[in-house]
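Here the structure is laid out as structure tokens; the discussion comes afterwards.
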Amino acid sequence: MAKNKVHFDVAKVLAADVVDLLRPACMWIDWAGSLRRGCKYIGDIEIVAIPRPYLDMFGNPATGPTELDELVSGLYGGALSKDGPRYKQFSIRPGLWPAAIQVDLFLATRQNLGYILMLRTGPADFSHQMVTPKSRGGLKPDRYILRDGYVWDTLTGDSLVEIPDERTLFELWGMPVLDPARRIAKRVWGVA
């Protein structure tokens, strides 16, 4: 099925509306993908969020669905085409807009937000190089492994490396922080 592309200005308004609806159930939320890169036409709206957990009567995070799970299900339940613990997909059809627009919602934690945001901002060739080890022609230092959406350090006994923002990830990779609009394959922007 071909995606319907919308102009950046239209996608920005639609994404802002979705983010505003979901914000009360999130600790952090923002858009990613081609919208964050400032592309002229947008095929889908990608959003990254850290869900706010339910708290039990003692203020501790409760197990089970998050506030965001319930909010998304209530708002878009009939339109959810994917409803997993780390990824949700639904379509919106605002007002008199002629076709539905797909929304991809990627769920992160404080420990992996920077990694998930970089990965979902893309573009695909840039993200691929960022997750490929240097020994295989990529940009990721070989000492780090990526598992289950998190970064692990093999030199410290496979310990979790917290990546709370993109700056932390770029610094860990020994790279300058790249503006999303400049994220393209390394053969073009010259980072060795």
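The values are calculated or read from the model by the stated rules, or taken from the named source; none is laboratory data. All values reported here derive from a predicted model rather than from experimental measurement. Neighbour counts run over all protein chains shown; Cβ positions are idealised from the backbone, glycine included.
Scanning segment 60-82 for any residue that is under 14 Å from Ala108 (Cβ atoms) and surrounded by fewer than 18 Cβ atoms within 10 Å (Cβ to Cβ) turns up nothing. Within segment 69-77, not a single residue is closer than 23 Å to Leu169 by Cβ and not β-branched (Val, Ile, Thr). Just checking, does segment 45-58 include any residue being surrounded by fewer than 20 Cβ atoms within 10 Å (Cβ to Cβ) and touching an Asp or Glu at 6+ places or on another chain (Cβ under 7 Å)? Yes, because at least one residue in segment 45-58 is surrounded by fewer than 20 Cβ atoms within 10 Å (Cβ to Cβ) and touching an Asp or Glu at 6+ places or on another chain (Cβ under 7 Å). Just so you know, in segment 16-44 the residues that are without any contact (Cβ under 8 Å) to a residue 24 or more places away in the chain and in contact with a strand residue (DSSP E or B) (Cβ under 6 Å, 6 or more places away or on another chain) include one that is surrounded by the most Cβ atoms within 10 Å (Cβ to Cβ), and it is Trp31. In segment 140-167, which residues are assigned to a loop (DSSP other than H, G, I, E, B), modelled with pLDDT under 95 and either of a type in the set (S, T, N, Q) or touching a strand residue (DSSP E or B) at 6+ places or on another chain (Cβ under 9 Å) (or both)? Across segment 140-167, the qualifying residue is only Asp158.
Condition check ((1) under 20 Å from Trp173 (Cα atoms); (2) free of Cβ contacts under 8 Å to residues at least 60 places away in the same chain) across all residues:
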| residue | (1), (2) |
| --- | --- |
| Ser91 | no, yes |
| Ala99 | no, no |
| Thr132 | yes, yes |
| Asp148 | yes, yes |
| Val161 | yes, yes |
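On the stretch given as segment 80-97, residues that are outside any strand (DSSP E or B) and either at pLDDT 85 or above or closer than 17 Å to Ala25 by Cβ (or both) total 5.
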